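A quick write-up on the structure given underneath.
A short reminder: the numbers here are calculations on the coordinates, not readings from a lab. Bear in mind the structure is a predicted one, so any value in this text is a computation, not a measurement.
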Amino acid sequence: MKHALLRIGAVGLASVVTALVLFGLGRLILVRDLGVALPSFSQPSPSPSSSPRPTVSPAVLSDIATPNPSPAAAPTPAASPTQTAAPTEAPIALTSFRFGGRSYVGIVVPEVGRTFAAPFAGTVEVLVYQFIDGEVRVGSNVPTLPFYPYVSVVAADRKITYRPGTLGSVTELLARDRTQVGAGDPLFRLVAPGRSSWATFYNSSAPYQVVVSLHGLPSGRDLDPTPYL
């Protein structure tokens, strides 16, 4: 019995070896002589592994750019209101003339409201005249007739006299008789259009609003008042 099993095993082993040899020879013949490609029984190669994700290191506070704050705009100073220049007075027109052997200067004033001031320090002298029956009178008091003031400033060595128009309606007195004034102090103001008393007393065609004379004291010699006007 044992010998029979050994024989059967030997026969089976020989059959397997013979089959393997025949298989190898047949494959060699097919590849070399006939050029037939046999299917490959190799195991498929594993798919490439997915590329590892890059490791992102946590941001460090010092590596983060800190934005520089833009400087605050300086406030623009408010524009100061434009200063309005004080209106300048229109120039007056001066005319020198002689009458009765004395020198005078006629003034044409282009606007109403002109104020005349003392050209030098002294004492104010105010005399009021009226024209009565063709005569110039001082100290009279006829209510129905206009009054005309003569305003003078008397210093130690000179006297200047202004002859404006009608008192009240044309001329407003700003200084009182026998008061002391300094240079630049107001004497009178022209409040309405009107000619000097000269047009009533001496020359009806005289266009002047004020007539001025200047005399030296105590000589009474005529001086030129133009530098004071």
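Of note:
- If the chain linking residue 219 and residue 145 were pulled fully straight, counting 0.36 nm for each residue of separation and taking away their Cα-Cα distance, it would gain 23.2 nm.
- Extension gain from residue 154 to residue 108, taking 0.36 nm per residue of separation minus the Cα-Cα distance: 14.2 nm
- Rounded to two decimals, the Cα radius of gyration of segment 93-228 over 2.2 N^0.38 Å is 0.99.
- With 0.36 nm allotted per residue and the present C-alpha distance subtracted, the residue 138-residue 94 stretch has 13.1 nm of extension available.
- HN-Hα J in Hz across segment 118-128 - Karplus 6.51, -1.76, 1.60, θ = phi - 60°, x for Gly and Pro: 5, x, 7, 6, x, 9, 7, 10, 10, 10, 10
- Once backbone amide H atoms are built at 1.01 Å from N, residue 158 has 217 as its partners under 5 Å, excluding neighbours fewer than 5 places away on the same chain.
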